[in-house]
Amino acid sequence: MKSRFPKDGRFGEFGGKYIPETLVPAIEELEENYLKIKNDKSFKKELNYYLTEYAGRPTPLYFAKNLTEKIGGAKIYLKREDLLHGGAHKINNTLGQALLAKRMKKKRIIAETGAGQHGVATAMACACLGLTSEVYMGYKDTIRQKLNVYRMNLLGSKVHPVKSGSQTLKDAINEAIRDWITNVKDTYYLLGSAVGPHPYPVMVRDFQSVIGTEIIQQMKKINKKAPDTVVACVGGGSNAIGTFYPLIDSDTEIVGVEAAGKGLKTEFHSATLSAGSKGVLHGMMTYLLQDKEGQIKETHSISAGLDYPGVGPEHAFLKDVNRVKYRSATDKEVIEAFLLLTRTEGIIPALESSHAIAEAVKIAKSKPKSESIVVTLSGRGDKDVEVVEEYVRNIKNSR
Amino acid sequence: MSGTSRIQDKFLELDSKNEKALIMYAVVGYPNEKDTLAVIRGLIKGGADIIELGFPFSDPLADGLVIQNASMLSLDKGTNLGQFFRLVRKIRQESNIPLVLMTYTNILYHQNYEKFFKEIKNAGIDGVITPDMTIEESKEYLKAARSNAIDTIFLVSPNTDKKRLGRIIRQTTGFLYLVAVYGTTGVQNKIQQYTIDALRNTKKIVDRKIPVGIGFGISTPEDVGHFIKQGADAVIIGSALIKLVEKTPTSKLEKTVTEFTKKLKSTTKII
């Protein structure tokens, strides 16, 4: 079952590298260098140092007692990636890749960002390690996540608003790739999700797998066994694959939650695995939301971080082999979950992570009290309070 | 090279006349369906040797702003494959000029390579250029192209090493497409020394097995003449044509494109 480091970059039929020829030498250089540091003791030691001392690992596995009692089913645990430096799991990957870029002697870092969390995490890692960074962000996202734009600027990163296409994450990736093609010799592209051409999906997964590895250790201490169920939200899918991958060979039930937006039957969602079809975008073969001629569709989600018409190729594979169940949560369910967690536990979750909370609550209801569910709380929700306030106000006004 | 195609015949014909090829790229459905044909007629009258028909894709990651905008405009106007086939059939009623489809992998994959290559061959397309198709991922793509006698024009870049270049040449038919610059389409700079070096190296390694065309950022008759002098077998013009189309009233489109093409073509003759 496990696809550790596929030589051809394929997970079953998914993945691969569909890229302009100019990027082939850069991708090969990246793969070669990644394989070199992957098991290198000094690299691991350095990364561990930064993950512990700078980012704040390990993160707690918190028993959400109030929420559990309120739901009245299985025990709900929260993997608190929201407590990491920067407020999201993204720093696990940006520290890893920025250290790699440094070893590759690349001084200029570029990145894309959706909600801005990966952009912020890139800007932090680069500031900390003495690298310069530039971040591409969809124009629409720079407006709905303007706080993060300001944070990136403060951290010394230059933000490029992208006005092409749907002006969201997909277009930010296009523009980052165009920059990389233009500046291929001295630039390192620090991709933020488990997407893109090989070796990115594997590399990002490996850097994020610290989440799942810690969950296993922490649940063993609490319960003497792995969790019965894990739940994580899926946009590109990096916090999800980091949660799932170390558990792939176990008996744990694994559930990924996509953004159903205004509903799967509408045109306004981002649920690629639930409603998409196979295709090629951003260098990879995967499931995509596309029209009948293969044009990529515009997506919708209340959370900018999940607003993406593709998904990591390993998720596509895990869906097809039925190892992971992929479900979805609507904007409405997400807001309810956001408010529920905020009020019962005093934790404000990111809207992305609130998708996982919404599904976990449904699962918990259907399971006995003896079972345990771990939800990866991928980020904190401070960045989202304005969006939530507006949503709640609109509902009140429409009544 | 086995068998002949319109593209191969064209290069042989030009060779016998001591000429090199001018390849022109137009976006299907830009500025609209009707006037795409006016652009193509202008290109043919002006003496273009091969025409690339760019079928727009929503996410053209190898293209610069000019082609991105033209693609978006075309898609917004409802351009689809039905329209593409209508255009190809119309051109074929009027001309035997070699036609190459340039688009992104997802459009081809979505249609099914085998089925689609058969359909485009029947309509009159001679070759395909797919900027995000690498030789590693090309097994099914090549199989479908070979069985339908569609030329597979692969791209190489100034940073492609000798060994890889050899592998790419083996899968390439029609001509090899050398990307002139580090960058997307349409970004103009003065001609860089690394581009000239890449052209010479590529020509040397190709060793006359296949013609070498050069494109990306080339826009003037002077540039075309310069690259021909440096050994290019073909020069490809795209964004410069689209910019011209953008600022030309539709009533004058065919005539303006004809004149523009004539000027470019005049520099492809070896004196």
When you scan region B:200-219, do you find a residue that is crowded, with 16+ Cβ neighbours inside 10 Å and touching an Asp or Glu at 6+ places or on another chain (Cβ under 6 Å), even just one?
yes
Which ones in region B:181-202 are more than 8 Å from chain A (Cβ to nearest Cβ), among the small types (Gly, Ala, Ser) and in contact (Cβ under 8 Å) with a residue 60 or more places away in the chain?
B:Gly186
Identify the residue in region B:138-162 that is within 10 Å of chain A (Cβ to nearest Cβ) and touching an Asp or Glu at 6+ places or on another chain (Cβ under 9 Å) and, among all such residues, is farthest from A:Gly196 (Cα to Cα).
B:Pro158
Return yes when A:Tyr326 is within 14 Å of chain B (Cβ to nearest Cβ) and within 29 Å of A:Lys383 (Cα to Cα) and no when it is not.
no
Scanning region A:2-54 residue by residue, those more than 21 Å from A:Ala194 (Cβ to Cβ), part of a helix (DSSP H, G or I) and in contact with a Pro (Cβ under 7 Å, 6 or more places away or on another chain) turn out to be none
For region B:25-68, name all the residues that are of a type in the set (Ser, Thr, Tyr) and within 25 Å of B:Ala180 (Cβ to Cβ).
B:Tyr25, B:Tyr30
Conditions: (1) small (Gly, Ala, Ser); (2) free of Cβ contacts under 8 Å to residues at least 40 places away in the same chain; (3) more than 24 Å from A:Tyr200 (Cβ to Cβ). A:Gly73 meets all but one. Number of the miss?
(2)
Say we look at region B:41-65 and pick out the residues that are over 16 Å from the mean Cα position of the chain (by Cα) and closer than 25 Å to B:Pro221 by Cβ; which of these is nearest to the other protein chains (Cβ to nearest Cβ)?
B:Leu65
I need the full set of residues from region B:168-180 which are within 11 Å of another protein chain (Cβ to nearest Cβ) and in a helix (DSSP H, G or I), in order please.
B:Ile168
Just to verify a result, which residue in region A:162-187, among those that are closer than 25 Å to A:Cys128 by Cβ and more than 11 Å from chain B (Cβ to nearest Cβ), is modelled with the highest pLDDT?
A:Ala172
A:Tyr18 being more than 26 Å from A:Val231 (Cβ to Cβ), within 14 Å of chain B (Cβ to nearest Cβ) and of a type in the set (Ser, Thr, Tyr)
yes
The condition of being touching a residue at least 60 places away in the same chain (Cβ under 8 Å) and closer than 17 Å to A:Gln117 by Cα holds, among A:Pro309, A:Pro349, only for A:Pro349
The one condition A:Arg57 fails out of (1) charged (D, E, K, R); (2) touching a Pro at 6+ places or on another chain (Cβ under 9 Å); (3) closer than 30 Å to A:Val361 by Cα is (2)
Hey, B:Leu43 within 14 Å of B:Ile91 (Cα to Cα), in a helix (DSSP H, G or I) and either in contact (Cβ under 8 Å) with a residue 40 or more places away in the chain or hydrophobic (A, V, I, L, M, F, W, C) (or both) or not:
yes
When region B:241-271 is checked residue by residue, the ones that are buried (at least 20 other Cβ atoms within 10 Å of the Cβ) and not polar (S, T, N, Q) are B:Leu241, B:Ile242, B:Val245, B:Leu253, B:Glu254, B:Val257, B:Phe260, B:Leu264, B:Lys265
Being surrounded by 24 or more Cβ atoms within 10 Å (Cβ to Cβ), within 14 Å of another protein chain (Cβ to nearest Cβ), within 26 Å of A:Thr243 (Cβ to Cβ) and among the small types (Gly, Ala, Ser) narrows it down to one residue among A:Gly192, A:Gly212, A:Gly196; which is it?
A:Gly196
Quick check on this structure: which one of B:Thr152, B:Thr202, B:Thr195, B:Thr185 is of a type in the set (Ser, Thr, Tyr) and either over 22 Å from B:Ile237 (Cα atoms) or part of a loop (DSSP other than H, G, I, E, B) (or both)?
B:Thr185
So A:Gly87, is it at pLDDT 95 or above, over 12 Å from the mean Cα position of the chain (by Cα), over 20 Å from A:Thr376 (Cα atoms) and not aromatic (Phe, Trp, Tyr)
no
The condition from (1) in a helix (DSSP H, G or I); (2) within 12 Å of chain A (Cβ to nearest Cβ); (3) not β-branched (Val, Ile, Thr) that B:Glu119 misses is numbered (2)
Can you give me the number of residues within region A:51-78 that are touching a Gly at 6+ places or on another chain (Cβ under 9 Å) and either of a type in the set (A, V, I, L, M, F, W, C) or crowded, with 19+ Cβ neighbours inside 10 Å (or both)?
2
Exactly one of (1) in contact (Cβ under 8 Å) with a residue 24 or more places away in the chain; (2) of a type outside the set (Lys, Arg); (3) surrounded by fewer than 17 Cβ atoms within 10 Å (Cβ to Cβ) is unmet by B:Ile129. Its number?
(3)
Entirely in region B:49-115, the helices (runs of 4 or more DSSP H) that have 3 or more residues that are surrounded by fewer than 24 Cβ atoms within 10 Å (Cβ to Cβ) and out of contact with any strand residue (DSSP E or B) (no Cβ under 9 Å at 6 or more places or on another chain)
B:65-76, B:81-94
Within region B:75-86, identify whether any single residue is within 12 Å of another protein chain (Cβ to nearest Cβ) and under 17 Å from the mean Cα position of the chain (by Cα), and answer yes or no.
yes
Meets criteria (closer than 30 Å to A:Thr168 by Cα and of a type in the set (Asp, Glu)) for A:Glu112:
yes
What are the residues in region A:218-233 that are assigned to a helix (DSSP H, G or I) and of a type in the set (A, V, I, L, M, F, W, C), if any?
A:Met219, A:Ile222
Unmet criterion (only one of (1) at pLDDT 95 or above; (2) closer than 23 Å to A:Leu51 by Cβ; (3) surrounded by 18 or more Cβ atoms within 10 Å (Cβ to Cβ)) for A:Tyr136:
(2)
Looking at region A:153-164, can you tell me whether even one residue there is among the hydroxyl-bearing types (Ser, Thr, Tyr), in contact (Cβ under 8 Å) with a residue 60 or more places away in the chain and farther than 28 Å from B:Val156 by Cβ?
no
Take A:Phe63 and tell me if it is in contact (Cβ under 8 Å) with a residue 12 or more places away in the chain, touching a Phe, Trp or Tyr at 6+ places or on another chain (Cβ under 7 Å) and within 29 Å of A:Lys79 (Cα to Cα).
yes
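The values are calculated or read from the model by the stated rules, or taken from the named source; none is laboratory data. No experiment lies behind these values; they were computed from the predicted model shown. Glycine also receives a Cβ, built like all others from the backbone with ideal geometry; neighbour counts cover every protein chain displayed.
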